[in-house]
Amino acid sequence: MVCLALLAVLAPVIAPWDPNRPDVKKILDAPSGVHPLGTDQLGRDVLSRMFYGARVSLAVGFVSVGIASLIGIVLGATAGYHGGVVDATIMRLVDLMLVFPRLFLLLAVLAFLRPSIWTIMAVIGLTGWMGVARLVRAEFLALKEREFVVWSESIGASAFRIVWRHILPNAMAPVLVAMTLGIPAAILTESGLSFLGLGVQPPHASWGNILNEGKDAIEIGWWLSVYPGLAILVTVLSYNLFGEGIRDALDPRLRQSAGRIVTRR
Amino acid sequence: MFLYALRRLLLAIPLLIGITFISFLVIHLAPGTPGEIQTGDLSIQSDKEIQKLLIELYDLDKPLHVQYGKWLTRIVRLDFGKSFSPDARPVLQKIGERLPVTLLLNIVEMLIIVVLAVPIGVGSATRQYSMFDKVTTVFVFVGFATPDFWLALLLMILFGVQLGWLPISGLRSLNWEYLSFWQQQWDFAGHLLLPILVATFGGLAGFSRYMRQSMLEVVRQDYIQSARAKGLPERVVIGKHALRNAMLPIVTVLGLSLPGLIGGSIIVESIFAIPGMGQLMVQAVFERDYPVIMGNLVIVSTLTLVANLLADVTYSFVDPRIRVGARRGRR
């Protein structure tokens, strides 16, 4: 995973070719010593495009999860701390958002906006906060009854201070795990959208849109379809394993929870 | 039982209204004034025309509450307007002819997932840390990380292009009309095989993992101990006492995972060129066919809501504890 991040950051340095420079003499060349992963329909080097694609995919993953976590934490904390009507309202909103098949909602929103990396990040973030909100709320519900919170209330600490300084830090462990597991999910969503041609727009490279271009050359250029997908697979797999690892490290009790689909024992 | 179903139904009504409201908000997402939609180069009509059509269709020149009121009354009558594309057919008709394919695909996928995931989950739970368990664990992690569209491409390359065994797009072969009835069915099944394989892959991983988890928890319960203690054969203990209880949470998860599965049909349908709702949605987005997009969004989420409702009611049917708990005021 660290390697992946390094590759993404260092893309301009290590990429052997300019990712956007077409070369008419080398259209759809098979992988060779010069172009390790071959070239695409415009004669661009696939390996270099994949390095640059890594930047886009990772950036979208991190930023959209950041947005989603922020919304999720604020709403979850508000719901969990206040309870009552506020809680009920926010949780109904969560239920509501969960009813929408996410891809349909994403496509509908994107139809009204001009697709760019930023809108993709925003839109993925805005439709992915429900899980975090639920987690934070559950933690808050449990934590706000604990002695240290009651104690700070009794000495007159402000609600903001209690939430920010006392409850939130204690509630962060599961959120951190959810965030780590959210990044690969966001990467998958982004590459899916880009694959449909509605995500990151060419000439910017993204793993999804390299695959999209590869689809058109499926009968000749298998390397266009195989490698970017492999990159997504490896990235998502490593983040998932990392997330599971953090989960085990942070809180062994979480391993017992049946709430998540993947739980390693 | 009936009361519980009624209760769930009542709870679903605000959600239904919420669906219409969120969809309404989506129309207003465009930057600037609502009518000023940024159209891409792909649109058939000019920006101005689309803008005029949109303002007319959704009354965007009226105050917000009037707009929403009109939108709501139209949805209640299932009137989504006419498509912006040249054929200008009613949206409902367009969606109606594509709905059966998507439903068929999703129902078949769901059945396959359950039928395969349950034995896999049980197998790996009862033989925890065995070879079988380890292999399925690897499969689960790979399954989670595999982009479905990539898997689709690989399968197309392998079976469609390299081996030439299976068709890679559409639902029918070109010579469909000249085939006998059984050949037609065979042809149809062949066209569906790859899409269904792709769509079930990810879900299968999730479900078998969940089944394993659920089973592991159940076999530690006291009543399993007592079933063993009274000398029942292991087959009965696992197959009857444990399995029934372990299946319970699966019903809920099935309901919860529905939106994901249906969303997945967007990708699968557009790759394999299957004329379903997902493909319609993608086409509509490219053509900026807003009435179709909005109609699709509302109908798909309403269907998901209904399916969730069914899952909830089924759950209460198979697990009496839920009904009793609900009556006591616990949700």
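Worth a mention:
- Here B:Thr20, B:Thr302 are placed in order of increasing Cβ neighbour count within 10 Å, fewest first, which gives B:Thr302, B:Thr20.
- The peptide list A:167-174, B:151-158, put in order of mean Cβ contacts within 10 Å with the highest first, becomes B:151-158, A:167-174.
- Ranking B:Val161, B:Val122, B:Leu92 by Cα position along the charge dipole of the range B:73-162, where only Lys, Arg, Asp and Glu carry charges on their C-beta atoms, puts B:Leu92 farthest toward the positive end.
- Averaged over peptide A:134-145, the number of partner chain Cβ atoms lying within 10 Å of each residue's Cβ comes to 0.
- Relative compactness, the range B:217-312, computed as alpha-carbon Rg over 2.2 N^0.38 Å: 1.72
- Residue exposure sequence - A:Ile232, A:Ile162 - by fewest surrounding Cβ within 10 Å: A:Ile162, A:Ile232
- Average beta-carbon neighbours from other chains, 10 Å sphere, peptide A:110-117: 6
- Neighbour-count ranking [beta-carbon atoms within 10 angstrom, fewest first] of B:Ser270, B:Ser208: B:Ser270, B:Ser208
- Peptide-level mean, for B:130-143, of C-beta atoms on other protein chains within 10 Å: 1
Throughout, read-outs are computed from the coordinates displayed, never taken from laboratory work. No experiment lies behind these values; they were computed from the predicted model shown. Methodologically, a virtual Cβ is constructed for each residue, glycine included, from the backbone with ideal geometry; neighbour enumeration extends over all protein chains shown.
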